[in-house]
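Here the structure is laid out as structure tokens; the discussion comes afterwards.
The values are calculated or read from the model by the stated rules, or taken from the named source; none is laboratory data. Only a predicted model underlies this, so the values are computations on that prediction, with no experimental measurement involved. Backbone-built Cβ (ideal geometry, glycine too); neighbour counts: all protein chains shown. Note: accessible area is taken over every heavy atom of the protein model, side chains too, but ligands, DNA and RNA are not part of it. Shrake-Rupley method; radii C 1.70, N 1.55, O 1.52, S 1.80 Å.
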Amino acid sequence: MKDKNTQLHASSISNPQQFWGQAAQAIDWISPWDKVLDDSEAPFYHWFKGGKMNTCFNAVDRHVIAGRGSQIAIQYVSPVTETEYGITYLELQAQVSRLAGYMDSIGVKKGDRVLIYMPMVPETAYAMLACARIGAIHSVVFGGFAANELATRINDAKPKLILSASCGIEPSGVVAYKPLLDNALEQATHKVGHCLILNRSQLEASLQQGRDVDWQRGVAAAPNIDCVALEATDPLYILYTSGTTGQPKGVVRDNGGHSVALAWSMKNIYDIGVGDSFWAASDVGWVVGHSYIVYGPLLVGATTLMYEGKPIGTPDPGAFWRTIAKYNVKSFFTAPTAIRAIKRDDPDGEYLEGVDLTCLKYVFLAGERCDPDTLHWSEEKLKKPIIDHWWQTETGWPVAANLMGYAPVEVKAGSPALAVPGYQIEVVDMMGDQVASNESGNVVIKLPLPPGTLTTLWQNEQRYKDSYLSMYPGYYLTGDAGYKDEDGYLYIMSRIDDIINVAGHRLSTGRFEEVLCQHEAVAEAAVIGVADELKGQVPLGLVVLKKGVTLNEAELNQQLRALVRQEIGPVAAFRLVSAVQKLPKTRSGKILRGTMRNIADNKKYNVPATIEDPATLDIVRNTLTRMGYADAHI
Ligand code: COA
Ligand code: AMP
């Protein structure tokens, strides 16, 4: 099968116009494009320029027109509220067109931004699709972020409308969203005129008169609205992701290229088509949720599962398996950390006993490196192909994967397999020269990127160029490091920047440092990601205190943990922090985070020639050892 795969990839690179022009037949167009790929403004590329279509029409209405209105579009499974129900394509169309009607009635027009801060309920998908229906640009913010993070995104996206809910439900209890939203709106300099609030039965939100409207009441009075014709190149959404600074990056995705790429991936990577059941156990606030809870499965007329719960504890580590069996899931997508959590609570797979998983053909893993232990445990217990694949918020869909719907290849532990058609992946050294097989380097992708990938950063073309395109002209910098083996299999090993990956969630250590430095006792802070058995990585902070600070360490730690939770949110999972007398730095003042990370994870490291004070490494090692990380004997 590898040859078949290689040929397909080669054809996508040698003739992208033909390859993607053909793939675009899976989408209904109002009028055809002038050119499949317009590179006249390189390094900004425009896919399907001149073409007109509507993403919502392709994800919803066309399935009703095709006679599949009674098929379940979204199967909602919420163990935390003990609720399960299905929404047919016909019902989805009614919900979405009515919500779009509400948006239109309050003056939301094409190109306006709508921010969505919601839990895992079907209304979140309605909200995204309603925006797509009228050409408003949605920006979904993950519910685990705090008010301050929400305010930063409100200021950047400048939404006309915010959709939110009274609460989310976590295993720890009901999380009130509305006070967080109110707080964010107070902090934000951009003023938002309208908020539509979904009141859930678990908690009633208080509404601010003149600004807030109850969801049911607002929508009840609204007319149904049809899909508008959009340019393929019009933006569909902005999704903020962590960069190396505290300011998140607003990844912009278009309509046409996105629909084409997702439809292609559903068929060729995930082996999913009309009527199949697909489940991505993620959150709509992340890119996986955008692409593979909402848009991808609906674009191809499949049934998508939307799950409000966790892999464990809601109520037990068998929840995933029973749900797969109950809803006939063919392809299942989750993060390695979720499998590690299940493995920890059910090492022998006892919860699999008696569960008939005949329906399940594949398990796809992404979001972080899949360690071989997790892969082998899943293979052994589930007896299904476990498919690692690699991608990022920016790309929107897989960059390296095993094409299970086209030509599956051998699975190699630790590798997301081969470059997906459209992506020319190279591993290069600092000078941009390709390294030999099995040698590590920076992973880059030759421009142009295929359809569906980011077109720019929201209102910040310069940052787009600086972050991704300037280091190696003609190439997109992924920010990941790794190598290719002699068969062209890719291995993604680490980040080259200060981004960490906590339970599949991408976070910036720079943002943690900014927050720690807000504390009046802190003079300086360094945050690194250290290895964690469950979450892959967790943040660990070392702070230097201002002279004369009298707080005891326990008090200080408690305050710093609370500060990070308040400013970034619970998703930061910030628990490890300690004070040190001095941080290791180069003579030019750069903190040696990489060296500290290696010490913490017991990896080999060289004392940099440029170090200002070698004794600082001993200080850090002793502190990390005390915290249970660096091994004192190394
Ligand atoms: N709204 C509000 N709070 C949220 C939230 C949301 N949408 N999502 C998470 N949180 C909170 C949690 O309640 C928890 O708070 P706590 O500190 O009060 O307990 C905190 O954020 C961390 O949550 P989480 O990352 O879920 O960690 P956990 O320790 O509760 O659970 C796992 C561990 C491994 C079970 C969980 O991280 C998991 O399911 N990971 C899979 C990740 C995934 O699918 N990633 C998507 C990329 S593909
Ligand atoms: P995000 O943008 O949040 O999806 O995070 C993307 C980052 O997660 C990538 O740049 C990688 O660092 C990491 N990542 C995602 N999937 C994988 C994978 N399959 N293997 C290794 N790292 C991965």
- request: Can you tell me which residue within the stretch 358-407, out of those that are of a type in the set (Ser, Thr, Tyr) and within 15 Å of ligand 1 (Cβ to nearest atom), is farthest from the chain's Cα centre (by Cα)?
  value: 378
All positions within the stretch 210-267 that are surrounded by fewer than 19 Cβ atoms within 10 Å (Cβ to Cβ) and in contact with a Cys (Cβ under 7 Å, 6 or more places away or on another chain): 211
- request: Scan 510, 479, 504, 474 and give me the residue that is surrounded by fewer than 17 Cβ atoms within 10 Å (Cβ to Cβ) and not polar (S, T, N, Q).
  value: 474
statement: Going through the stretch 294-306 in order, the residues found to be closer than 23 Å to residue 143 by Cβ and either near ligand 1 (Cβ under 10 Å from one of its atoms) or of a type in the set (Val, Ile, Thr) (or both) are 294, 304
query: Looking at (1) within 17 Å of the chain's Cα centre (by Cα); (2) of a type outside the set (Ser, Thr, Tyr); (3) away from ligand 2 (no atom under 16 Å from the Cβ), can you tell me which one residue 275 breaks?
result: (1)
- prompt: Quick check: is even one residue across the stretch 396-419 more than 16 Å from ligand 2 (Cβ to nearest atom), more than 22 Å from residue 282 (Cβ to Cβ), open to solvent by less than 10 Å² (accessible area, probe 1.4 Å) and in contact with a helix residue (DSSP H, G or I) (Cβ under 6 Å, 6 or more places away or on another chain)?
  reply: yes
message: I need the full set of residues from the stretch 545-579 which are assigned to a loop (DSSP other than H, G, I, E, B), within 34 Å of the chain's Cα centre (by Cα) and not basic (Lys, Arg), in order please.
response: 568, 569, 573, 574
- prompt: Considering the stretch 513-566 alone, what residues qualify as being free of Cβ contacts under 8 Å to residues at least 60 places away in the same chain, open to solvent by 70 Å² or more (accessible area, probe 1.4 Å) and within 16 Å of ligand 1 (Cβ to nearest atom)?
  reply: 558, 561
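If you go through the stretch 360-380 one residue at a time, how many are buried (at least 20 other Cβ atoms within 10 Å of the Cβ), without any contact (Cβ under 8 Å) to a residue 40 or more places away in the chain and not in a loop (DSSP other than H, G, I, E, B)?
Going residue by residue through the stretch 360-380, those that are buried (at least 20 other Cβ atoms within 10 Å of the Cβ) are 360, 362-370, 374-375, 378.
Then keep just the ones that are without any contact (Cβ under 8 Å) to a residue 40 or more places away in the chain; that gives 360, 363, 365, 374-375, 378.
Imposing the further condition that a residue be not in a loop (DSSP other than H, G, I, E, B) reduces the set to 363, 365, 374-375, 378.
Residues meeting the conditions: 5.
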- prompt: Residues in the stretch 96-106: is at least one assigned to a helix (DSSP H, G or I) and either aromatic (Phe, Trp, Tyr) or touching a strand residue (DSSP E or B) at 6+ places or on another chain (Cβ under 8 Å) (or both)?
  reply: yes
task: Looking only at the stretch 91-105, decide whether some residue is among the hydroxyl-bearing types (Ser, Thr, Tyr), crowded, with 18+ Cβ neighbours inside 10 Å and within 30 Å of residue 154 (Cβ to Cβ).
output: yes
message: For the structure I just gave you, tell me whether residue 393 is polar (S, T, N, Q), touching a residue at least 40 places away in the same chain (Cβ under 8 Å) and closer than 20 Å to residue 10 by Cα.
response: no
So residue 86, is it within 19 Å of residue 273 (Cα to Cα) and exposed (fewer than 14 other Cβ atoms within 10 Å of the Cβ): no
- prompt: Looking at (1) within 16 Å of ligand 1 (Cβ to nearest atom); (2) more than 25 Å from residue 466 (Cβ to Cβ); (3) open to solvent by 20 Å² or more (accessible area, probe 1.4 Å), which is the one condition that is false for residue 274?
  reply: (1)
